[in-house]
1. Once both axes come from the Cα atoms, what is the angle between helix 108-118 and the longest principal axis of the chain, in degrees from 0 to 90, rounded to 10?
2. Helix 83-94 versus the longest principal axis of the chain: what angle, 0 to 90°, nearest 10, using Cα atoms?
3. State, as an integer percentage, the relative contact order of the chain based on alpha-carbon contacts under 8 Å between residues 6 or more apart.
4. How large is ³J(HN,Hα) for each residue in region 27-43, as worked out from phi by the Karplus curve 6.51 cos²θ - 1.76 cosθ + 1.60 (θ = phi - 60°), to whole Hz, x for Gly and Pro?
5. Go through region 1-30 and name the chymotrypsin sites (Phe, Trp or Tyr not before Pro) that are in a DSSP coil and have 14 or fewer other Cβ atoms within 10 Å of their Cβ.
6. Send over a whole-number figure in Å² for the accessible area per residue of the chain, probe 1.4 Å.
7. For the chain, can you list the cysteines whose C-beta has no other cysteine C-beta under 4.7 Å from it?
8. Pairing the Cα long axis of helix 57-70 with the longest principal axis of the chain, what angle in degrees results, from 0 to 90 and rounded to the nearest 10?
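The values are calculated or read from the model by the stated rules, or taken from the named source; none is laboratory data. No experiment lies behind these values; they were computed from the predicted model shown. Backbone-built Cβ (ideal geometry, glycine too); neighbour counts: all protein chains shown. These area figures cover heavy atoms from the full protein model, side chains too; ligands, DNA and RNA do not enter into them. Shrake-Rupley method; radii C 1.70, N 1.55, O 1.52, S 1.80 Å.
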Amino acid sequence: MKVICPYCGEAARLVDSSEISDGPSFGKVWACLPCDAWVGTHPNSKRFAPVGRLADASLRHWKGEAYAAFNPLWKGATRTMTRKEAYESLRVKMGIASKCAAIGLMDAKDCKRVVALFTITK
């Protein structure tokens, strides 16, 4: 499998996560070390398929913000939808034609839109 860094266009390397963090290993990641960009892998994938796109520090921040705004719709005590309904809502509100509405595949601009669309004001 070949994974390309969206920042520099070079091939990412499959490395242990301990190479990109100071903490313990949490498995394999695809990483572009010069760009400080990485993405985790699907736990049951024999080919270590990436769970999304490589993300630099800024995109990792915005993905976290997007998940924080979106996940309460279908997770935890505040859930108002099933997971399937939440992702259909994401697809419709974002205007994504395909069934591939996934925060893990989004860029920072799209993550910011998710935050704006799904943040619940108190």
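1. Result, in degrees: 30.
2. 90
3. Numbers: 163 pairs, mean separation 21.1, N = 122.
The value is 17 percent.
4. For region 27-43, the Karplus curve yields x, 7, 9, 8, 9, 10, 4, x, 8, 6, 10, 7, 8, x, 10, 5, x Hz.
5. On the way: sites: TYR7, PHE26, TRP30; in loops: TYR7, PHE26.
In loop regions of region 1-30 (DSSP not H, G, I, E or B), the sparsely surrounded chymotrypsin sites (Phe, Trp or Tyr not before Pro) are PHE26.
6. Numbers: 7660 Å² over 122 residues.
Using a 1.4 Å probe on heavy atoms only, each residue of the chain averages 63 Å².
7. CYS8, CYS100, CYS111
8. Once rounded, the angle reads 30 degrees.
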